[in-house]
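First comes the structure, then the notes that go with it.
What follows draws every value from the coordinates through simple rules; no lab data is involved. Only a predicted model underlies this, so the values are computations on that prediction, with no experimental measurement involved. We place every Cβ from the backbone using ideal geometry, glycine too, and count neighbours over all the protein chains shown.
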Amino acid sequence: MNEMLQRLITGLLFVIVLVGGVIWNEYSFMLLFGMLTILSINEYYNIIQDKLNAGVDWRTLYKFLSTIFGVVIFAIIFLVSSGKIPLIYLSVVAFFPLCWFAIEMYHESDSPFTNVCYNSMALFYIAMPFGSASFLVFKQSGDIYDFKYLLAILFFAWSNDSFAYLVGKFFGKHKLFERISPKKTWEGFAGGAFFTILFTYFVYQIFEYYNLNEVGYYHYLALGIITIITSTYGDLAESMIKRNLNIKDSGHALPGHGGFLDRFDGLIFSIPACSLYIIVTGI
């Protein structure tokens, strides 16, 4: 199958599942992003296992415990943001990365700090960003599920990624960050930014048509700009990780797109940044 067609079909199916899960209700959102957390952590350990200073048994234990820690972190952030438990419980989230120091004390390793860093990264890089999506879908009162901001950010990230890829593929000449990602160009970045900014108004008008808007267009524009910048850095960060590990893709779960981390690299940066904007502005 043609690579572009395969990428299109996989992307379309993925969008349907993701958008459907976000729109349906708070529990479908929880299950969807909870599963993405689990699958992404599993994928992360598949690509870093050779970097861990540990045997097979310890690597298996690391993956198992990180998955448990990641799910608990996601659940705590979800329950706090939805108003089901008090805000003070967020402090527990910081406890789990620190657990790796205690765990590593029982492991006779030549590079314990290396193991602590790689294991903690699974929580900082995956579980916490996916968990912070909960702040995008719950009002600050915590009792109302509202999917529009998360849905908008998903659309903005996909728009930026798709148009940056297409414009860069056909018109790209000047390298954006050749040392980290040789294929990315300034022309691609500009094209992705231009079309995504146009897309913010399109999304705003759709939400306006369905009476979903409670704020002015400038907030959608701000979220779009934040997404353009942060998703680009997220993409570059994933490229830096893969270059360091000497791999092309983080996995093969999504034909034409690679793995879950390949697909969500931009959103891993954009979701926390946009969550912060929404919390600070109170929209």
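Quick notes
- Neighbour counts of C-beta atoms inside 10 Å place Tyr233, Tyr210, Tyr44, Tyr149 in the sequence Tyr210, Tyr233, Tyr149, Tyr44, starting with the fewest.
- DSSP H segments from the chain that extend 27 Å or more along their own axis, Cα-based, with Kyte-Doolittle mean of 0.0 or above: 3-24, 26-48, 56-81, 148-171, 186-209, 217-245, 260-281
- Candidate values (i) 15.6; (ii) 13.2; (iii) 17.1, label of the one derived for mean projected area of the Cα convex hull in nm²: (i)
- For segment 101-183, applying the loop criterion from DSSP together with a ceiling of 15 other beta carbons within 10 Å to the GluC sites (Glu not before Pro) yields Glu108, Glu178.
- Loop-located trypsin sites (Lys or Arg not before Pro) in segment 179-283 (DSSP state not H, G, I, E or B) with no more than 13 neighbouring Cβ atoms inside 10 Å: Arg179, Lys248.
- Relative to the current alpha-carbon distance between His252 and Lys175, full extension at 0.36 nm per residue lengthens the span by 25.0 nm.
- Rg over Rh [alpha-carbon atoms, Kirkwood Rh] for segment 145-283: 1.00
- For segment 74-125, diffusion coefficient by Stokes-Einstein and Kirkwood Rh (Cα), 20 °C, 1.002 mPa s, µm²/s: 174 µm²/s
- Residue with peak Gaussian network fluctuation, the chain [Cα springs, cutoff 10 Å], from Asp265, Asp161, Asp146: Asp146
- Entries of Lys63/Lys184; Lys169/Lys248; Lys51/Lys183; Lys51/Lys148; Lys51/Lys84 with Cα pairs more than 29 Å apart: Lys63/Lys184; Lys51/Lys148; Lys51/Lys84
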